[in-house]
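Worksheet: the structure to be examined is printed underneath.
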Amino acid sequence: MSGRTIIQGALLAAGLAAAAPAAAQYPEPREAIWVARDFRFHTGEVMPELRLGYLTIGEPSGTPVLVLHGTAGSSRSMVSPAFAGQLFGPGQPLDTAKHYIIIPDALGAGKSSKPSDGMRARFPHFNYADILAAQHRLLTEGLGVSHVRLVIGNSMGGMLAWLWGVTHPDFMDAIVPMAAQPTAMSGRNWMLRRMMIETIRRDPAYQDGNYTSQPASLSLAFLFFNIATNGGSQALQKAAPTRAAADAILDQRLAQPAAGDANDLIYMYEASRDYDPEPLLGRIRARVLAINSADDERNPHETGLMAAAMARIPHARLLLIPGSTETAGHGTAGQARFWREELAGFLREVP
């Protein structure tokens, strides 16, 4: 069946939120770095040594699962109690006693090569195709993995999961893209990404990427972007029912020190500029469970883009989590308590 949409009932969503199981224990992640030699970017530029950081959990003899992080994250962001704690423990859907979890640092993030390593704005301008090519080389050349049971990713990781499906259709049995659409980067999503980038670039302190200290615009632009495109309208209203409460939340966020690097952030968000797997959706052979939330600010369900795309994919269904005071807009899918039982059922059905 193509394009089937499952909308969780309000009772189910509320029950999951109220009765979320405690995070389970799983083996300590192993951290490593693999170097891709003579890595060629889509621009034609070649880097003699491209460093790729990654985490693994479980034993290589287990069933391989590829887990992909979001734009502002790294492999470490996927081992949180809200995600890994609901999935990787004993008896959970991706129990590491049976599965070999592989979580790469995307090109440009974490321990992988990135502009802040020294090249700054001279670093090759990569896109998602380059990130995927680096991940593919890590798995096949670095880890000797030629097939995985599942590719699962959130936000940018969800978009990369879609690209894995259309670029290497026989590499996986199942794909679970979350908080992502298999359609061109456009609309408010791209407008706000570009506004964040332009705010930093037009700051005189940015100095064309040759700054000696982080531009003040970095933290302000990133905070503005996150408030505008994350958190959920109902949840934010519940947390800030008055102006005073809203000011208190904002003051607390403004007081936090700037995290990250301006060039790294610009490169990672710009990498999405030509994302568009839609023309190739017919190539997908894996079973697909797409997980989105109805209050996702970056991928608004009311545009109809997701429904139209899903209808073109055999053996695909969409789990749409209703918005509520317990969801977090674009950040909802990062909380596995909302969908882990659906994932378990889906994987039982996948050949």
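The values are calculated or read from the model by the stated rules, or taken from the named source; none is laboratory data. Just so it is clear, the model here is predicted, and its values are computed rather than measured. Please note that ligands, DNA and RNA were not included when accessible areas were found on the heavy atoms of the full protein model with its side chains. Shrake-Rupley method; radii C 1.70, N 1.55, O 1.52, S 1.80 Å.
Table for the structure above
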| quantity | calculated |
| --- | --- |
| GNM result for the chain, Cα springs below 10 Å: residue of 221, 290, 333 fluctuating most strongly | 221 |
| Alpha carbon centroid spacing (whole Å) that separates segment 216-291 from segment 139-172 | 23 Å |
| Whole-number accessible area per residue in Å² for segment 276-317, which is evaluated in the context of all protein chains at 1.4 Å | 42 Å² |
| Whole-percent carbon and sulfur share, accessible surface of segment 234-325, 1.4 Å | 56 percent |
| Rounded if a/c under 1.5, otherwise prolate or oblate - segment 128-215, Cα gyration tensor axes | oblate |
| Alpha-carbon spread of the chain, three principal axes, descending order, Å | 55, 55, 40 |
| MRE, 222 nm, helices only [DSSP H, n ≥ 4, -39500 (n - 2.57), over the chain, to nearest 500] | -9000 deg cm²/dmol |
| Using alpha carbons only: equivalent-ellipsoid semi-axes of segment 95-141, gyration tensor based, whole Å | 26, 12, 7 |
| Relative contact order (%) - criterion: Cα under 8 Å, at least six apart; region: the chain | 24 percent |
| D_trans [Stokes-Einstein, Kirkwood Rh over alpha-carbon pairs] for segment 61-136, 10 °C, 1.306 mPa s, µm² s⁻¹ | 115 µm²/s |
| Three-way shape call for segment 239-333 based on the alpha-carbon gyration tensor, with the a/c threshold at 1.5 | oblate |
| Spherically averaged projected area of segment 71-207 from its Cα convex hull (nm²) | 9.9 nm² |
